[in-house]
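The block underneath contains the structure these notes are about, expressed in structure tokens.
The values are calculated or read from the model by the stated rules, or taken from the named source; none is laboratory data. Here the structure is a predicted model, which is why all the values come from computation and not from measurement. Positions of Cβ are generated from backbone atoms using ideal geometry, with glycine treated the same way; all protein chains shown enter the neighbour counts.
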Amino acid sequence: YLQRESEDIDGERYQTVYSRIPGSVAAPTAGLHFTESVDKSVREKEIPVVNLTLHVGAGTFKPIKGKDLRSHAMHTEHFSLAKSTLEKLHRHTGTTVAVGTTSVRTLESLYWIGNSLAKRKEPEYPFHLEQWDAYNATPEVSATQALENLIGWLDRHGLDRLEGSTRIMIVPGYVFRMVDGLITNFHMPRSSLILLVAAFTGNDWRKIYQHALKEGYRFLSYGDSSLLLP
């Protein structure tokens, strides 16, 4: 869609400054806006930042072709978090802003996995959340308790990292449990990404995209970003 051949500079630009572990087939493009200077500015303002490892899958580019969302097979993305990251999230009492839709899917998946641990059933590990599990489950605990459940499970099993994967598909009607704000680029129609944005912003997503089109905002990976708050 860039209408050009790849260039050597893409190897540097198509990468976040905070990436560490190989595994993704694509960059989490919302993070591309966090240059070294922006990242430094955020930390100088003492805004709490926590990191997680998320391996973006090729399915993130898969368009939704049918009229029935249930016929769309969501891709699996693997994630990994240090126990210390979960503890920081647990202690945090302010607004939680996710950088990128994949981070949203990871954080929301953490809630549902932690919620399932409240039933005291020994789950398979690494953890996994299927595409519609969040819609078929009953939310029995708060976000804080879900994180406590995850931390407690790691403690009982002598682990210092949480490993898992998710196929969660967030569509309009979904109730967010972990995320209060979202930084994301502008996405194409008929994508799971724009459905997530619509779920987060409600009917305002149309106004947001009409404004972006009118003002000539750039879409997709090297495009402009937005901060969305409900």
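Can you work out which of the residues in segment 17-30 that are under 19 Å from Gly59 (Cβ atoms) and of a type in the set (Gly, Ala, Ser) is surrounded by the most Cβ atoms within 10 Å (Cβ to Cβ)?
Selected residue: Ala30.
Given Arg206, Arg218, Arg177, which one is touching an Asp or Glu at 6+ places or on another chain (Cβ under 7 Å) and either aromatic (Phe, Trp, Tyr) or at pLDDT below 95 (or both)?
Checking each option against the conditions leaves just Arg218.
Answer yes if at least one residue in segment 161-174 is more than 18 Å from Met74 (Cα to Cα), in contact with a Lys or Arg (Cβ under 6 Å, 6 or more places away or on another chain), modelled with pLDDT of 95 or more and not hydroxyl-bearing (Ser, Thr, Tyr), and no otherwise.
no
In segment 63-95, what residues are in a helix (DSSP H, G or I), aliphatic (A, V, I, L, M) and farther than 16 Å from Glu163 by Cα?
Leu69, Leu89
Does segment 39-60 hold any residues that are loosely packed, with under 11 Cβ neighbours inside 10 Å and either aromatic (Phe, Trp, Tyr) or closer than 24 Å to Leu193 by Cβ (or both), and which are they?
Answer for segment 39-60, where residues must be loosely packed, with under 11 Cβ neighbours inside 10 Å and either aromatic (Phe, Trp, Tyr) or closer than 24 Å to Leu193 by Cβ (or both): just Ala58.
How many of the residues in segment 116-156 are surrounded by fewer than 16 Cβ atoms within 10 Å (Cβ to Cβ), under 20 Å from the mean Cα position of the chain (by Cα) and among the charged types (D, E, K, R)?
Number of matching residues: 1.
Which one of the conditions (1) under 23 Å from Glu77 (Cβ atoms); (2) touching a residue at least 40 places away in the same chain (Cβ under 8 Å) does Ala198 fail to meet, given that it meets all the rest?
(2)
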